[in-house]
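Participant: Starting off with a structure, shown below.
None of the figures in this text is laboratory data; all of them are computed from the coordinates on show. As the structure is a prediction and not an experimental result, all values here were calculated from the model. Cβ coordinates were reconstructed from backbone atoms using ideal geometry, including for glycine residues, and neighbour counts include every protein chain displayed.
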Amino acid sequence: MPGWDDSYLKAHVEGRYGEERYNRWVAQKCGYMLLDRDLYRGRAGERVEICDLLTKDKQLICVKRMDGSDKMSHLFQQGSVSARMLMTNHAYRDKLMDRLRQLDPGATFGEASHWTVVFAIATSKPGDLKEIMYFFSRAALKMHAEAIKSCGFRVALAKIDKPSG
């Protein structure tokens, strides 16, 4: 994932907050579909964000800054809820496929194993993500990764380098 430079993004990318600007910039720079804040609206107030960025290679990228265990837990829940809903909710899957076909008109869902849920985490801390993550975040990641894999999806972790300050 490209680096996250708040100063550059504030000066060059429209958006109300850092994650929104970063996701817009990456979508434009890399040719990904921006799904940040593009909510699936289901029954009785059910609103779910599928992911932040979608690639034509069937990667569901969920992006967060590593600012606390609560934000990391939300990130991991986003991935596991999406995986489960993609396997059980046809309207949810249809929304995803509508977006994917904007990148690749001939795309099909195929098998869950063709898809990867990517947790992209921005931090200025040096080192491997699994080593620098908060203890509860590592535990939550393990639990949610197992849930995602049980649905047949692959899981990946990506570090987004973020300058200090």
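Participant: Please compute the length gained on full extension between CYS30 and ARG43, using 0.36 nm multiplied by the number of residues separating them and subtracting their Cα-Cα distance.
Facilitator: That works out to 1.3 nm of additional length.
Participant: Please give the charge dipole size of the chain, origin at the Cα centre, charges +1 on K and R Cβ atoms and -1 on D and E Cβ atoms. Round to the nearest 20 debye.
Facilitator: With only Lys, Arg, Asp and Glu charged at Cβ, the dipole is about 180 debye.
Participant: Still on this structure, please answer the following. At 222 nm, what value in deg cm²/dmol follows for the chain if DSSP H runs of at least 4 each add -39500 (n - 2.57) and the sum is divided by all its residues, to the nearest 500?
Facilitator: So the calculated ellipticity at 222 nm is -14000 deg cm²/dmol.
Participant: A follow-up question, please. Taking a ≥ b ≥ c as the square roots of the eigenvalues of the Cα gyration tensor of region 1-92, is the shape rounded (a/c under 1.5), prolate (a/b larger than b/c) or oblate?
Facilitator: prolate
Participant: Here's something else I'd like to know. Can you pick out the pairs among LYS10/LYS142; LYS95/LYS159; LYS64/LYS142; LYS10/LYS159 whose Cα atoms lie more than 26 Å from each other?
Facilitator: Violating the 26 Å limit, Cα to Cα: LYS10/LYS142; LYS95/LYS159.
Participant: Shifting gears a bit: Given the Cα-Cα distance of GLU146 and ASP98 and 0.36 nm per residue of separation, how much length would full extension add, in nm?
Facilitator: Extra length from GLU146 to ASP98 when fully extended: 14.5 nm.
Participant: If you take the Cα atoms of region 6-161, find Rg, then find the Kirkwood Rh from the mean of 1/r over all pairs, what is Rg/Rh?
Facilitator: 0.95
Participant: Which one, THR88, SER124, MET143, is farthest towards the positive end of the dipole of the chain when Lys and Arg carry +1 and Asp and Glu -1 on their Cβ?
Facilitator: It is THR88, whose Cα lies furthest towards the positive end.
Participant: To check you understand DSSP bridge types, tell me what percent of the beta bridges within region 6-161 (both residues inside) are antiparallel, rounded to 5.
Facilitator: For region 6-161, the DSSP antiparallel bridge percentage is about 30.
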